[in-house]
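One structure is given here, and the rest of the page talks about it.
The values are calculated or read from the model by the stated rules, or taken from the named source; none is laboratory data. These figures come from a predicted structure and were not determined experimentally. Because the Cβ atoms are built from the backbone with ideal geometry, glycine has one as well, and the counts that use them run over all protein chains shown.
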Amino acid sequence: MRCPFCGHIEDKVVDSREAKDGDAIRRRRECLGCGRRFTSYERIDEIPYMVVKKDGRRETFDRNKVLSGLLRACEKRPISTPQLEAIVDEIEKEVQDSQDRELGTNDIGKLIMRRLKTLDKVAYVRFASVYLEFEDVSAFMTELKALVNSRAQTPAALKKKKKK
């Protein structure tokens, strides 16, 4: 650390503590050249995770945008905010665990849809209708039929068929 007063490069740390907001370490230093004291701050240098949009633009990953999309899809559905927060936490963790620092909106959308499909079928269809950008009603109906068919193959649905 170079002294801001005399430029000497040797100093000693007199005091060290966490900064008020908790995102840095505050260090009081004393220059071994001139004896004056100064403060330095240490912060983790974070490289942001980027999202590549469909048009090629890049934005930093924003968990609030993910939550906003989920809230719209789950409007008037019996899904609690903690459930949505859990999904956002899972998505954020997957983004951070990803080898790449950039993920496409396609990849993030698929992660969200996979979770919504198991949580609430109506919310899934709402999200898919925006995310998949259906060209026409037939494409939308194809997705609905696939959803109904996948539901018919669940263990609970198969048990009901056997009882009849």
Here are the criteria: (1) of a type in the set (A, V, I, L, M, F, W, C); (2) exposed (fewer than 12 other Cβ atoms within 10 Å of the Cβ); (3) assigned to a helix (DSSP H, G or I). Tell me which single one Val95 does not satisfy. (2)
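Within segment 1-50, restricting attention to residues that are basic (Lys, Arg) and touching a residue at least 12 places away in the same chain (Cβ under 8 Å), which residue is farthest from Arg63 (Cα to Cα)?
Just the residues of segment 1-50 that are basic (Lys, Arg), to begin with: 2, 12, 17, 20, 26-29, 36-37, 43.
Subsequent filtering for residues that are touching a residue at least 12 places away in the same chain (Cβ under 8 Å) retains 12, 26-29, 36-37, 43.
On the way: Lys12: 41, Arg26: 29, Arg27: 32, Arg28: 36, Arg29: 38, Arg36: 44, Arg37: 41, Arg43: 22 Å.
Among those residues, the one meeting the criterion is Arg36.
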Any chance you could count how many residues in segment 107-124 are over 16 Å from Asp89 (Cα atoms) and buried (at least 18 other Cβ atoms within 10 Å of the Cβ)? 3
Of all residues in segment 55-79 being in a helix (DSSP H, G or I) and free of Cβ contacts under 8 Å to residues at least 40 places away in the same chain, which is surrounded by the fewest Cβ atoms within 10 Å (Cβ to Cβ)? Asn64
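This table checks each residue for (1) over 16 Å from Tyr124 (Cβ atoms); (2) of a type outside the set (Asp, Glu).
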site	(1), (2)
Arg37	yes, yes
Gly56	yes, yes
Val66	no, yes
Gly69	no, yes
Gln83	no, yes
Gln96	yes, yes
Leu103	yes, yes
Asp107	yes, no
Would you check if there is a residue in segment 78-89 being at pLDDT 90 or above and acidic (Asp, Glu)? yes
If Met1 passes every condition in (1) surrounded by 12 or more Cβ atoms within 10 Å (Cβ to Cβ); (2) assigned to a strand (DSSP E or B) but one, which one does it miss? (2)
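Being part of a strand (DSSP E or B) and farther than 17 Å from Ile44 by Cβ is the filter here, so list the residues in segment 7-32 that pass it. Quick ask: steps written out before the conclusion?
Looking only at segment 7-32, we keep the residues that are part of a strand (DSSP E or B), and these are 11-18, 25-31.
Result: Asp11, Lys12, Val13, Val14, Asp15, Arg28, Arg29, Glu30, Cys31.
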Determine whether segment 35-48 contains at least one residue that is at pLDDT 90 or above, assigned to a loop (DSSP other than H, G, I, E, B) and touching a strand residue (DSSP E or B) at 6+ places or on another chain (Cβ under 6 Å). no
Which residues, taken from segment 58-109, are of a type in the set (Val, Ile, Thr) and more than 14 Å from the chain's Cα centre (by Cα)? Ile79, Thr81
Do we have Leu103 as surrounded by 12 or more Cβ atoms within 10 Å (Cβ to Cβ) and either of a type outside the set (A, V, I, L, M) or part of a helix (DSSP H, G or I) (or both) here? no
Return a yes/no flag: does segment 110-125 have any residue that is part of a loop (DSSP other than H, G, I, E, B) and over 30 Å from Gly7 (Cβ atoms). yes
